């Protein structure tokens, strides 16, 4: 028996890992996984590295943008290279400061309209997988972030907190197929659920065939899912298709938020504002 | 011991790259799966119990950073290791082209496992729309990366082995 185990230890270990992971998956899917022993440790370990790496990524994006912008000015830059390069570098630095100020001012304005207890957070890492749309924020439970809180940007709803450690929080974006945001059409008050799709555009599900919904309609959060405050812009209807059979219409959504461009967000709870 | 340290460092680097720098590449939503390539490398060249646990933990780490449900990628990566290990017992795979083909096949195993589990056990609908395009693109990117990653790992390994020899 021992000889058999020794000969096939890798195979047996593989089967055990597959079964164990299914066990974890089953418990997590039913909400019975109370504690994650490894996740918080891993998040804390990677956090400083990711913050540093993300700062480098931001610099690289700035260089890329600068190259694209300046390509047309190459001939003039050759002539006035020295002085203009210095001035442009200073200008870009100030533009970045101005853009950051503008983003924070917009967040502050949004924060005043949302329930008290909302806080700002910065994205420090993106999803490690093609299959899941998520990112990690630099605030956690010690800052007041709780699982289930909504994450919004000045433009609209971005996602929901699905896991929290003491100093970071994982956010499932509205573009993920596993997400679901309860929305209503601002014009006709038709209701549905906006969920991400691997195909490309997110779709609005469970919209009855009898509901009045047209291209260009604005979709706002209904507030009924207990996650997002009511009235946040989610997106606009991009395409509507009614088949000749079935209970529901097929509705494609153009989201207000581009998750790949988000840098700072607000984390809010869906409670009513203080009187 | 040194080899384990090397693989541990490479694992952390793969996680860091996949959550930060690799998003700079103009590949749309596709993120090059270095973690998958690493698991396939272990399955082909280092089929040990440590490698099995490493694959499980790497999948778990993807769940920690990306997935809404723990265990999904841990299951997929364990399955990938198992599939690659079983294939390596039957087929001799030691040239870059075949290794890339194995990575391509392993990426399909991972993609199909994720979609099946998501659809059957997590009641996620809408996953089938466009899924094969995503699996194909992800598999293609991973297969293109594989020869370079495998070569780097082999060089690292060889360097450590030569450093161990006193003369």
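Any read-out appearing in this document is the output of simple, stated calculations on the displayed coordinates, not a laboratory observation. Here the structure is a predicted model, which is why all the values come from computation and not from measurement. Cβ atoms come from the backbone with ideal geometry, glycine included; neighbour counts cover every protein chain shown.
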Over all Cα pairs of segment B:10-93, the Kirkwood radius sets Rh, and Rg/Rh then becomes 1.00
Would you please calculate the Kirkwood hydrodynamic radius of segment A:153-202 over all C-alpha pairs and express it in Å, rounded to one decimal? 12.3
Whole-number percent relative contact order across chain B, with pairs defined as alpha carbons under 8 Å at least 6 apart: 25
Which of these, A:26, A:14, A:112, has the largest mean-square fluctuation under a Gaussian network model of chain A (Cα springs below 10 Å)? A:14
Per-residue [θ]222 nm for chain A (sum of -39500 (n - 2.57) over DSSP H runs n ≥ 4, rounded to 500): -12000 deg cm²/dmol
I'd like the distance separating the alpha-carbon centroids of segment A:111-167 and segment A:16-44, in whole Å. 21
Per-residue counts of other Cβ atoms within 10 Å, averaged by peptide: what ranking do you get for A:217-230, A:30-43, highest first? A:217-230, A:30-43
Which angle between 0 and 90 degrees, to the nearest 10, do you get for helix B:2-19 versus the longest principal axis of chain B when only C-alpha atoms count? 30
Can you sort A:1, A:204, B:144, B:77 from fewest to most other Cβ atoms within 10 Å of each residue's own Cβ? A:1, B:144, A:204, B:77
Kindly provide the pair-distance distribution of segment A:11-80 built from C-alpha pairs, with 5 Å bins from 0 and whole-percent values in order of increasing distance. 3, 12, 10, 10, 10, 9, 9, 8, 7, 6, 4, 4, 5, 1
Over its Cα atoms, what ratio of radius of gyration to 2.2 N^0.38 Å does segment A:92-173 give? 1.15
Only Cα pairs under 8 Å and at least 6 apart count here; give the relative contact order of segment A:181-257 as a rounded whole percent. 30
Computed [θ] at 222 nm, deg cm²/dmol, chain B (DSSP H ≥ 4; -39,500 (n - 2.57); rounded to nearest 500): -26000 deg cm²/dmol
Which order do the peptides A:172-185, B:59-72 take when ranked by the mean count of other beta-carbon atoms within 10 Å per residue, highest first? B:59-72, A:172-185
Take every Cα pair under 8 Å in chain A that's 6+ residues apart, average their separations, divide by the length, and report that relative contact order as a whole percent. 16
For chain B, the longest principal axis of the Cα atoms and the Cα long axis of helix B:72-90 enclose an angle in degrees, to the nearest 10, of 50
When A:7, A:111 are ranked with the fewest other C-beta atoms within 10 Å first, the list becomes A:7, A:111
Averaged over its residues, how many other protein chain Cβ atoms are within 10 Å of peptide A:187-199's Cβ atoms? 2
Got a sec? How would A:66, A:103 order by Cβ neighbour count within 10 Å, fewest to most? A:66, A:103
In Å, the Kirkwood estimate of hydrodynamic radius for segment A:181-257 over Cα pairs equals 12.2
Between segment A:178-199 and segment B:1-73, how many Å separate their Cα centres? 34
Quantify how much of the Cα-Cα distance distribution of the protein assembly as shown extends past 40 Å, in percent. 26
Ignore the peptide's own chain and count Cβ atoms of other chains within 10 Å of each Cβ in A:171-180; give me the average, rounded. 3
The alpha-carbon pair-distance distribution computed for chain B, with 5 angstrom bins and whole-percent values, is 1, 9, 17, 22, 22, 15, 8, 4, 2, 1, 0, 0, 0
Calculate log10 I(q)/I(0) of segment A:1-150 for q = 0.11, 0.13, 0.14 Å⁻¹, where I(q) comes from the Debye formula with a single equal point scatterer on each Cα and nothing for solvent. -0.75, -0.91, -0.99
Residues of A:233-239, mean number of Cβ from any other protein chain within 10 Å of their own Cβ, rounded to a whole number? 0
